[in-house]
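Heads up, the thing below is written out as structure tokens.
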Amino acid sequence: DAGVIQSPRHEVTEMGQEVTLRCKPISGHDYLFWYRQTMMRGLELLIYFNNNVPIDDSGMPEDRFSAKMPNASFSTLKIQPSEPRDSAVYFCASSRTLAGGGREQYFGPGTRLTVT
Amino acid sequence: GQQLNQSPQSMFIQEGEDVSMNCTSSSIFNTWLWYKQEPGEGPVLLIALYKAGELTSNGRLTAQFGITRKDSFLNISASIPSDVGIYFCAGLTSGTYKYIFGTGTRLKVLA
């Protein structure tokens, strides 16, 4: 099975521009998570979805960030307008509940965003 | 956001040595996950633990779910150069889907 797919892998943009990051979760997974990783703050959860519905967006830094999941196989994270402090690696992850109730989470390869 | 206490922060070891690292939390978890992250890649799931006291192996890796449900341990036996990377723990409390991540243990193996 294919893992979590993210695109682009690298994005360099100028301050003020709109950035859209894309994610395809593992087929059959009903939870999708967006994380941001920086040296200073480690892995931070931004938002997560269950069955395409946003459940908790308390980690979204500010109104410049938005996320959508129009269907079970696609999600986007948009930053508009972008700022240099948004430079980080953004990960998408997906999970599903196993038969015994356990939950494993699988990460994509990440998008390295640089805002100049 | 909230993070687990993971130690040590970094380790430099000789090839062939065994490695131990752990995570502790003030909260009780019902799931512990251990990941390895290499430069430029996403975290890769190594081991999942679901029950207090559970001991699970994956090749040379062995992880344990602490009896108090507030800690977990990862051991790597007979380390090799490709074990280099950052190892993260992640915990999940009952009734939530928000994993809490440790700060990571950076492992370097000297050949």
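So which of B:Tyr97, B:Tyr87 is closer than 15 Å to A:Leu45 by Cα and surrounded by 15 or more Cβ atoms within 10 Å (Cβ to Cβ)? Quick ask: steps written out before the conclusion?
Working: B:Tyr87 fails: closer than 15 Å to A:Leu45 by Cα.
Sole residue among the options that is closer than 15 Å to A:Leu45 by Cα and surrounded by 15 or more Cβ atoms within 10 Å (Cβ to Cβ): B:Tyr97.
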Exercise. Determine whether the range A:105-116 contains at least one residue that is assigned to a strand (DSSP E or B), within 11 Å of the chain's Cα centre (by Cα), over 13 Å from A:Leu21 (Cα atoms) and not charged (D, E, K, R).
Key: yes
Exercise. Evaluate the following for A:Tyr48: is it buried (at least 19 other Cβ atoms within 10 Å of the Cβ), among the hydroxyl-bearing types (Ser, Thr, Tyr) and under 20 Å from B:Gln37 (Cα atoms)?
Key: no
Practice problem: Quick one: in the range A:66-116, of everything that is more than 9 Å from chain B (Cβ to nearest Cβ) and among the acidic types (Asp, Glu), which residue is surrounded by the most Cβ atoms within 10 Å (Cβ to Cβ)? | Solution: A:Asp86
Practice problem: Check off (1) crowded, with 18+ Cβ neighbours inside 10 Å; (2) under 27 Å from A:Gln6 (Cα atoms) for B:Glu41 and give me the number that stays unchecked. | Solution: (1)
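Run down A:Asp30, A:Asp63 and say which single residue is free of Cβ contacts under 8 Å to residues at least 24 places away in the same chain and either more than 20 Å from B:Pro39 (Cα to Cα) or loosely packed, with under 13 Cβ neighbours inside 10 Å (or both). Step through it out loud before you land on a result.
Numbers: A:Asp30 fails: free of Cβ contacts under 8 Å to residues at least 24 places away in the same chain.
Criteria check complete, one pass: A:Asp63.
Any residue that is within 23 Å of A:Thr97 (Cβ to Cβ) and within 14 Å of another protein chain (Cβ to nearest Cβ) - is there at least one of those in the range B:71-84?
Filtering the range B:71-84 for residues within 23 Å of A:Thr97 (Cβ to Cβ) gives B:72.
Now restrict to residues that are within 14 Å of another protein chain (Cβ to nearest Cβ): none.
So far as the range B:71-84 goes, no, none of its residues is within 23 Å of A:Thr97 (Cβ to Cβ) and within 14 Å of another protein chain (Cβ to nearest Cβ).
Go over the candidates A:Met39, A:Met15 one by one and state the one that is in contact with a helix residue (DSSP H, G or I) (Cβ under 7 Å, 6 or more places away or on another chain) and surrounded by fewer than 16 Cβ atoms within 10 Å (Cβ to Cβ). First the steps, then the outcome.
Working: A:Met39 fails: in contact with a helix residue (DSSP H, G or I) (Cβ under 7 Å, 6 or more places away or on another chain).
The conditions single out A:Met15.
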Practice problem: Could you tell me whether any residue of the range B:23-46 is closer than 22 Å to A:Ser94 by Cβ, outside any strand (DSSP E or B) and among the polar types (S, T, N, Q)? | Solution: yes
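The numbers here are math on the coordinates, done by the rules we state, and not lab data. Please read all numbers here as calculations on a predicted model, not as lab measurements. Every residue, glycine among them, receives a Cβ derived from its backbone with ideal geometry; neighbour counts consider all protein chains shown.
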